[in-house]
Amino acid sequence: MNSASGAPKANDTRAPAPRWQELARLKQDTHFFDAVIDEIDGRMIRIGDHWLADFASCNYLGFDLDPEIMAAPQEQIARWGTHPSWSRLLGNPRLYPEIEERLTELLAAPDTLVLPTITTIHLTAIPVLAEHGTVLCEAQAHRTIFDGCSVAKGQGAQLHRWHAGELDQLGDLLRQAPRDKPRLVCMDGINSMTGNPPDLPRIAKICRATGATLYVDDAHGFGVIGERREDETSPYGARGNSVVRHLGESYDGMILVGGFSKAYSSLLAFMALPTETKELLKFAAAPYLYSGPVPTASLATVLAGFDVNEARGEQIRADLYRKTKRVLDQISALGLDSPNTSGFPVIELPLREASDIDEVARILWDRGIYVTIAAYPLVPKNQAGFRVQVTATNTDTEIDRLNETLAELAPLLRSREE
């Protein structure tokens, strides 16, 4: 590419943009970016010679450390090898349809399709579903959703943004979109930063009234929240079968996307969708045709995860809720601001001043607390802070340490009154 294009040449030594310089500085000056973890002991991690309580993991149910699940791959690897190297179009080890059958029952969905990752699903399925119609991406949707919508735009779809807090705007955009072409509304289920669910019933109603398809990514909800019933062990509901069931919705006009990489601690993702759409995506979207397969060990741990979820899932979710509530109660007692109103185990804590991010990171490191740092330019400056993710395998001693550290950090964190 020539220099007239504005793009740097391969040997260009110009400095990166200032915002990326800031990210490079944070990587160098703090310990929370690009870290190499040398050892784990339960939910404690060692980076170099420093041990920290891990509150950055998304292994919400602790399946990554469950002995029954950890033992599962050996038998299946002996049967299938480590990596049956067919694309799904060419050949499916029996493990795939077994997972889809059990997943369809768990979700009470019309059908399911499992593929390697949520990211590959968004990048390939959204353009197929949108075709040359209209795709409407919620303004706070995960970056990978927006990337998929951008690919759809590049292939001829019209792209618009809308805000979950302004549903009249969504209705207006859908009414203005041509009805003779597909209209696809894309959004998060449980928000990956706030831990809050959307007003799914109202949004689904708007989509159904206008004949649009609603596309929901519930990466952080699947496995944790589920259907409400009298014998549930916590407000998270039962079975961990996602935001759709948790909010009493149906799959009418809706496609649910989720993954096993968080609550189930396995490399695999899925779509819950009509069978005719499943058959279309097998051939019209790339992953089923061209992606390398998921390793046997991951397929085995998914199936073992179903067994553990059925046998012990309600007990695990009750414990996860109890531990999360301890953290949220401390945040409330300290008068701190957090957008989390759901009680789900994703807790964002914004800073009073974005410039305090280095001091906050230093205190967290010194006190042995590992979290997800949300710093500019990864987020806007007014959203700088950190995210705590509680898992069922965090101990009460680790929760104590986190709560003590939050009390020390309180002067640097945004209060409810601000």
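The values are calculated or read from the model by the stated rules, or taken from the named source; none is laboratory data. Predicted, not measured: the structure shown is a model, and the values here were computed from it. Using ideal geometry, Cβ is built from the backbone for each residue, glycine included, and neighbour counts are taken over all protein chains shown. For the accessible areas, the whole protein counts, side chains as well, though only heavy atoms, and no ligand, DNA or RNA atoms are used. Shrake-Rupley method; radii C 1.70, N 1.55, O 1.52, S 1.80 Å.
Among the residues making up the stretch 266-325, those that are outside any helix (DSSP H, G or I) and either among the hydroxyl-bearing types (S, T, Y) or closer than 28 Å to I77 by Cα (or both) are S266, L267, L268, A269, F270, M271, A272, S291, G292, P293, V294, P295.
In the stretch 210-228, the residue that is farthest from the chain's Cα centre (by Cα) out of those that are in a strand (DSSP E or B) and either hydroxyl-bearing (S, T, Y) or at pLDDT below 95 (or both) is T213. Looking at A130, A141, can you tell me which residue is under 30 Å from P380 (Cα atoms) and in contact with an Asp or Glu (Cβ under 8 Å, 6 or more places away or on another chain)? None of the others qualify; the one that does is A141.
A Cβ distance below 7 Å, combined with a sequence gap of six or more or placement on separate chains, defines the contacts here; from the stretch 162-181, residues that are in contact (Cβ under 8 Å) with a residue 24 or more places away in the chain reach residues that are of a type in the set (S, T, N, Q) and assigned to a loop (DSSP other than H, G, I, E, B) in the pairs A164/Q140. Taking residues in the stretch 340-358 that are over 13 Å from I225 (Cβ atoms) and without any contact (Cβ under 8 Å) to a residue 40 or more places away in the chain, and partners anywhere that are charged (D, E, K, R) and open to solvent by 30 Å² or more (accessible area, probe 1.4 Å), the pairs with Cβ atoms closer than 7 Å and at least 6 places apart or on different chains are A354/K381.
You will find that of A56, A35, A24, the residue that is of a type in the set (G, A, S), out of contact with any helix residue (DSSP H, G or I) (no Cβ under 8 Å at 6 or more places or on another chain) and more than 21 Å from K262 (Cβ to Cβ) is A24 and no other.
Exactly one residue out of T397, T405, T391 is free of Cβ contacts under 8 Å to residues at least 24 places away in the same chain, touching a strand residue (DSSP E or B) at 6+ places or on another chain (Cβ under 9 Å), among the β-branched types (V, I, T) and farther than 11 Å from F32 by Cβ, and it is T397. S242 - would you say it is out of contact with any Ser or Thr (no Cβ under 9 Å at 6 or more places or on another chain), hydroxyl-bearing (S, T, Y), touching a residue at least 12 places away in the same chain (Cβ under 8 Å) and open to solvent by less than 20 Å² (accessible area, probe 1.4 Å)? Spelling it out, S242 is indeed out of contact with any Ser or Thr (no Cβ under 9 Å at 6 or more places or on another chain), hydroxyl-bearing (S, T, Y), touching a residue at least 12 places away in the same chain (Cβ under 8 Å) and open to solvent by less than 20 Å² (accessible area, probe 1.4 Å). The set of residues in the stretch 17-40 that are over 15 Å from A374 (Cβ atoms), at pLDDT below 85 and open to solvent by 90 Å² or more (accessible area, probe 1.4 Å) comprises P18, W20, Q28. Within the stretch 326-351, being under 18 Å from E398 (Cα atoms), in a helix (DSSP H, G or I) and out of contact with any helix residue (DSSP H, G or I) (no Cβ under 6 Å at 6 or more places or on another chain) holds for V327, L328, D329, I331. For T213, the conditions (1) farther than 23 Å from P339 by Cβ; (2) without any contact (Cβ under 8 Å) to a residue 40 or more places away in the chain all hold with the exception of (2).
For A354, indicate whether it is touching a helix residue (DSSP H, G or I) at 6+ places or on another chain (Cβ under 6 Å), under 24 Å from K27 (Cα atoms) and open to solvent by 10 Å² or more (accessible area, probe 1.4 Å).
So A354 passes the test.
In the stretch 102-140, the qualifying residues are those that are open to solvent by 50 Å² or more (accessible area, probe 1.4 Å) and charged (D, E, K, R), and the one that is modelled with the lowest pLDDT is E131. Number of residues in the stretch 58-104 that are in a helix (DSSP H, G or I) and within 21 Å of the chain's Cα centre (by Cα) equals 7. Could you list, in sequence order, the residues of the stretch 245-265 that are open to solvent by less than 10 Å² (accessible area, probe 1.4 Å), within 18 Å of H122 (Cβ to Cβ) and either hydroxyl-bearing (S, T, Y) or not in a strand (DSSP E or B) (or both)? The answer is F260, and nothing else.
When L167 is tested against (1) open to solvent by 20 Å² or more (accessible area, probe 1.4 Å); (2) within 26 Å of Y236 (Cβ to Cβ); (3) over 21 Å from the mean Cα position of the chain (by Cα), just one condition goes unmet, and that condition is (1).
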